[in-house]
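Undergrad: The structure is given below, and queries will be raised subsequently.
Computed from the coordinates by the stated procedures, all read-outs in this text should not be read as laboratory data. This is a predicted model, so every value here is computed, not measured. Note: ideal-geometry Cβ built from the backbone for every residue, glycine included; neighbour counts use all protein chains shown.
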Amino acid sequence: MKGLALAVATFVLSVAEVARADTVLVLNSDEASYSVLSRASRTELQRLPVGREPHHLIITPDGKEVLIGSTVTNELLALDSTTGEKRRVVRDIIDPYHLGFSPNGKWFVTAAYRLDHVDIFHADGFRLAGRIFIDGLPSHIAFDADSKTVFVTLQQTGRLAAFDLATQTLKWNVPVGNAPAGVVMLPDDKRLLVALTGEDGIVVVDPKDGANMARLQTGKGAHNFWPKGDGRHWFLSNRVEGTVSVLDTQDLRVVGTVRVPGGPDCMDVTADGKELWVTQRFLRRVAVIDLDQLKVVASIPVGKSPHGVFMLKSPPAAPTGPGAGPVRAVSTGAGSR
């Protein structure tokens, strides 16, 4: 019996070590759960409960925790970023649909999609600095490099709003196009990309005043972005068309397209840069794209309406600036969310 117990203990420890470098988390928005997947075996290892309607998740600036926003229960579930184990629950975070830390780690911002407000917190202790009510279904978040401004898309009204972080006041609110969703600041800190789910492409916006600078057609239902990691190329999920576009942001053109059926949404790249994992919202699956071949090589069953996806790292990867994070926010339920 002692021998058997020792063998079991050894097996558990070995699995835990593998999980540190091999684990992928996926939020199942319409099932109040998250899936723990193995990258190596491409299987679901566990499915665990989490609040209600979890949509997005993000790594903390110190790289130690992953925060899952539970929108209906108004809380954040904090997991260890290397093991995926539950650490704590942060309560009284109202409707945390989309989440973001400013590049300097000073501010934490949430977009309350259901309740039409943007909350700006002091990241240290999640102390609320200001709540700004704004109509239009606040959706996705991005920051400028000097952590002075947060940008929020308003899906219902087709606008992009900019808020001053220090004063928690509105700087500007401009029309950008139909159903804006994902938004990212490019590494030059001079251009914002906004995905227009209702116009099948992206618009380039000047962060100083919201002026529209250029437009690019990509695919039907253009929705969310993820950086390739080279500072130049970004992935964009076209949720209705069922494709992922590879964008060259220097020349502003599509340089590759991958067919991903079932409503591709949120994405993350493996630490070795070889794979892109994409949630398939309508199929209850997660697709694995081989980035050398630019094709789907696997599709893994998970829970209902998978949304956010996150790669655990070992050791945890710290944020590296506006091109790669710290916002590893990754989009849900009904409509174009």
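Undergrad: How would you classify the range 179-284 from its alpha-carbon gyration tensor, with a ≥ b ≥ c the square roots of the eigenvalues: rounded for a/c under 1.5, else prolate if a/b is greater than b/c, otherwise oblate?
TA: oblate
Undergrad: Any of K64/K106; K86/K106; K106/K148; K190/K228 with alpha carbons more than 21 Å apart? Name them for me.
TA: K86/K106
Undergrad: Please give the contour-minus-distance gain from D135 to N178: 0.36 nm per residue of separation, less the Cα-Cα distance, rounded to one decimal in nm.
TA: The D135-N178 span can extend by a further 14.0 nm.
Undergrad: Sticking with this one: What spacing in nm lies between the two simple spin-label points modelled at V297 and L128, each 7 Å away from Cα in the Cβ direction?
TA: Distance between label points: 4.7 nm.
Undergrad: Order of M213, M267 from fewest to most other C-beta atoms within 10 Å?
TA: Least crowded to most crowded, the residues run M213, M267.
Undergrad: Moving on to the next point. About the Cα centre of the chain, what is the dipole size in debye to 20, counting +1 per Lys and Arg Cβ and -1 per Asp and Glu Cβ, all else neutral?
TA: With only Lys, Arg, Asp and Glu charged at Cβ, the dipole is about 520 debye.
Undergrad: The range 105-164 to the range 35-82: how many Å between their Cα centroids?
TA: A separation of 21 Å, based on Cα centres.
Undergrad: Still on this structure, I have one more. Which of I202, T249, P49 sits farthest toward the positive end of the charge dipole of the range 24-311, with +1 on the Cβ of Lys and Arg and -1 on the Cβ of Asp and Glu?
TA: P49
Undergrad: What number, rounded to the nearest 500 deg cm²/dmol, is the helix-based mean residue ellipticity at 222 nm of the chain, given -39500 (n - 2.57) per DSSP H run of at least four residues and division by all its residues?
TA: -2000 deg cm²/dmol
Undergrad: Multiplying the sequence separation of R253 and D62 by 0.36 nm and subtracting their Cα-Cα distance, what value in nm do you get?
TA: 65.3 nm
Undergrad: Could you please rank E85, E65, placing first whichever residue has the fewest other Cβ atoms within 10 Å of its Cβ?
TA: Arranged by neighbour count, lowest to highest, E85, E65 become E85, E65.
Undergrad: Moving to a separate point now. With each label point set 7 Å from Cα along the Cα-Cβ vector, what nm distance links R232 and D272?
TA: 2.4 nm
Undergrad: Give me the distance in nm between label points sitting 7 Å out from Cα along the Cα-to-Cβ direction at R114 and K208, one decimal.
TA: Going by the 7 Å Cα→Cβ label model, 4.1 nm.
Undergrad: May I ask you to sort K148, K304 by Cβ crowding, counting other Cβ atoms within 10 Å and putting the fewest first?
TA: Placing the least packed residue first, the sequence is K304, K148.
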